[in-house]
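The values are calculated or read from the model by the stated rules, or taken from the named source; none is laboratory data. Computed from a predicted structure; not experimentally measured. Here the Cβ positions follow ideal geometry from the backbone for every residue, glycine too, while neighbour counts run over all protein chains shown.
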């Protein structure tokens, strides 16, 4: 089988806490947790989103042989994701992210960065041979003394020789990554995604035009800078800068919106949709995510995305509805 996207498994379980009241939380006070729910986190939300949009994604690597590891594998299987390259590994440390969401939809996150020795069921080259592209988060490059970081860099270099696209998401840890490693990965990327805060960390300025110029001097990648509900800015050395506004939805929870955006964009990009369509679809998926509570299983469904698109005047061809995945659309704007 051929897969649209290969992802090295960075196993994270989100513990989602729905908190009564709003931030900030004062010291020496007590708050009521309305719900506490485990969900596949981090790359899990990306995997599930891309799968629901219609992509075949291959996660590969170790997970802990405990409740959390089995929970992740079972969760992915329920979504039709191939888990054959995920390996239950005794003693492998699993990362957890404690996500607290207030009544206003704002969230705060506490995460650990557990890292064990990363190992495959098979090697990286056989996996790349049956995958059309590779997704990399900057989280995989930190800390740099872990073998996942060196394996990720090796994979990035292999991709260039294979002519397969690299999707690189900067993430909040970019300030901790060796600058030479970060510059190499950015240079070799085909699609580079970040949010506004990460843009400023990378470029040293909050000015969008100045940041775009700095980034385009580093890479020929398609650069996508996300600004939450406002939308996103897209540019490259071959594409004039363009602002894509977000969709208006009632905010419930911002957790996982960036992950769902990335999952949808990768699906659209690998299916060969034009740039406008890729970004409009990704913005729609991110907006639906913001209108829901939680991550993992709560990422947008096909029907929810179609509903939002049609409510905003976009026509979704019947072939997509028959197959219940996005296979043929054009949202040129």
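Just a few scattered comments:
- Residue match in the stretch 29-50 (condition: crowded, with 19+ Cβ neighbours inside 10 Å, in a loop (DSSP other than H, G, I, E, B) and within 16 Å of the chain's Cα centre (by Cα)): yes
- Taking the criterion of being within 19 Å of residue 267 (Cα to Cα) and either out of contact with any helix residue (DSSP H, G or I) (no Cβ under 9 Å at 6 or more places or on another chain) or crowded, with 17+ Cβ neighbours inside 10 Å (or both), the residues of the stretch 304-313 that qualify are 304, 305, 306, 308, 309.
- The lone exception for residue 82 - which of (1) crowded, with 18+ Cβ neighbours inside 10 Å; (2) modelled with pLDDT of 95 or more; (3) in contact with a strand residue (DSSP E or B) (Cβ under 9 Å, 6 or more places away or on another chain); (4) not in a strand (DSSP E or B) it fails: (1)
- Taking the stretch 201-231 as the range and being closer than 28 Å to residue 15 by Cα and in contact (Cβ under 8 Å) with a residue 24 or more places away in the chain as the test, the residues that pass are 201, 225, 226, 227, 228, 229, 231.
- Here the stretch 291-303 is the region considered, the condition is being crowded, with 24+ Cβ neighbours inside 10 Å and not in a helix (DSSP H, G or I), and the residue that is modelled with the lowest pLDDT is 295.
- With respect to the conditions (1) touching a residue at least 40 places away in the same chain (Cβ under 8 Å); (2) under 25 Å from residue 198 (Cβ atoms); (3) in contact with a strand residue (DSSP E or B) (Cβ under 9 Å, 6 or more places away or on another chain), residue 268 lacks only one, and its number is (3).
- When 76, 118, 113 are checked against the criterion of being within 24 Å of residue 166 (Cα to Cα) and over 20 Å from the mean Cα position of the chain (by Cα), 118 stands alone in meeting it.
- Only one entry in 316, 327, 288 is in a helix (DSSP H, G or I) and surrounded by 14 or more Cβ atoms within 10 Å (Cβ to Cβ), namely 288.
- Contact map, the stretch 164-188: first residue on the phi > 0 side of the Ramachandran plot and in contact (Cβ under 8 Å) with a residue 12 or more places away in the chain, second residue part of a helix (DSSP H, G or I) and buried (at least 18 other Cβ atoms within 10 Å of the Cβ), Cβ cut-off under 8 Å, separation 6 or more or different chains; pairs are 171/138; 171/139; 171/198.
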